[in-house]
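Presented below is the structure to which this report refers.
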Amino acid sequence: MSLLGHSLGAAAALQAGAVIPARQILLIAPFTSMRAMAKRSVGVPLAYLLRHDFDNEARLGRSSDPPTRPTSRLSTAAMTRSFP
């Protein structure tokens, strides 16, 4: 089975991959963590009101099989700065 996740769905795909044996997990436009996105969008104080962090970066670090061909190791901030 292969799993595919886009944006917020990347967090769901990574969570599912932790319990469902998947041959591969394809993440399209994933974020590093929900808290990091909230800090950028609504500011630091409100970011800490989140109940779930969806820390994709940490979950990837705990993976037994690290990414084989990452398409981008840029942070969300670095990627958005690269666009006009």
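The values are calculated or read from the model by the stated rules, or taken from the named source; none is laboratory data. Because the structure is predicted, anything quoted here is derived from the model rather than measured. We place every Cβ from the backbone using ideal geometry, glycine too, and count neighbours over all the protein chains shown.
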Would you mind finding the one in P84, P70 that is over 17 Å from A10 (Cβ atoms) and either at pLDDT 85 or above or outside any helix (DSSP H, G or I) (or both)? P84
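Condition check ((1) touching a residue at least 24 places away in the same chain (Cβ under 8 Å); (2) surrounded by fewer than 19 Cβ atoms within 10 Å (Cβ to Cβ); (3) among the hydrophobic types (A, V, I, L, M, F, W, C); (4) in contact with a helix residue (DSSP H, G or I) (Cβ under 9 Å, 6 or more places away or on another chain)) across all residues:
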| residue | (1), (2), (3), (4) |
| --- | --- |
| T32 | yes, yes, no, yes |
| R40 | yes, yes, no, yes |
| Y48 | no, yes, no, yes |
| A58 | yes, yes, yes, no |
From the set of residues in region 1-18 that are of a type outside the set (G, A, S) and not in a loop (DSSP other than H, G, I, E, B), which is farthest from the chain's Cα centre (by Cα)? L3
Could you grab me the full set of residues in region 19-30 that are free of Cβ contacts under 8 Å to residues at least 24 places away in the same chain and under 9 Å from the mean Cα position of the chain (by Cα)? A29
Checking L3, L14, L27 in turn, the sole residue that is of a type in the set (A, V, I, L, M, F, W, C), surrounded by 15 or more Cβ atoms within 10 Å (Cβ to Cβ), modelled with pLDDT under 90 and out of contact with any His (no Cβ under 9 Å at 6 or more places or on another chain) turns out to be L3
Across region 19-53, what is the number of residues that are hydrophobic (A, V, I, L, M, F, W, C) and in a helix (DSSP H, G or I)? 9
